[in-house]
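The values are calculated or read from the model by the stated rules, or taken from the named source; none is laboratory data. Every value quoted in this text rests on a predicted model; they were computed, and no experiment measured them. Please note: Cβ atoms are built from the backbone with ideal geometry, for glycine as well, and neighbour counts cover all protein chains shown.
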Amino acid sequence: MGDVSYVSRIRIERVKGSLRKAFLPAEREPVLFGVHDEVAEHYKALPGYEPHATTLDYVVAAAAG
């Protein structure tokens, strides 16, 4: 196997409930991950949650790109 060409250095912080901050390379501000719509319903998110894209939404977007 060849040399490693890239190591992704990220940090995740849990904010509250399903809401998390991801600190990603090349992004000045943290990216927020959470739940929305059917995902929130599936995980029985408490009323009043702040909707945000899920990690799955980002994976699908990255794969589609």
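Here residue 49 fulfils each of the conditions (1) touching a residue at least 24 places away in the same chain (Cβ under 8 Å); (2) of a type outside the set (Gly, Ala, Ser); (3) in contact with a His (Cβ under 8 Å, 6 or more places away or on another chain) apart from (3). Just one of (1) modelled with pLDDT under 95; (2) under 14 Å from the mean Cα position of the chain (by Cα); (3) among the aliphatic types (A, V, I, L, M) fails for residue 46. It is (2).
For segment 32-49, a tally of residues being surrounded by 15 or more Cβ atoms within 10 Å (Cβ to Cβ) and either within 17 Å of residue 59 (Cα to Cα) or touching an Asp or Glu at 6+ places or on another chain (Cβ under 6 Å) (or both) returns 5. Could you go through segment 49-62 and let me know if any residue there is part of a helix (DSSP H, G or I), small (Gly, Ala, Ser), out of contact with any strand residue (DSSP E or B) (no Cβ under 8 Å at 6 or more places or on another chain) and within 22 Å of residue 6 (Cβ to Cβ). Yes, segment 49-62 contains a residue that is part of a helix (DSSP H, G or I), small (Gly, Ala, Ser), out of contact with any strand residue (DSSP E or B) (no Cβ under 8 Å at 6 or more places or on another chain) and within 22 Å of residue 6 (Cβ to Cβ).
Take the conditions surrounded by 15 or more Cβ atoms within 10 Å (Cβ to Cβ), among the hydrophobic types (A, V, I, L, M, F, W, C) and touching a strand residue (DSSP E or B) at 6+ places or on another chain (Cβ under 8 Å) and apply them to residue 23. Does it pass? Here the answer is no, as residue 23 does not meet what is asked.
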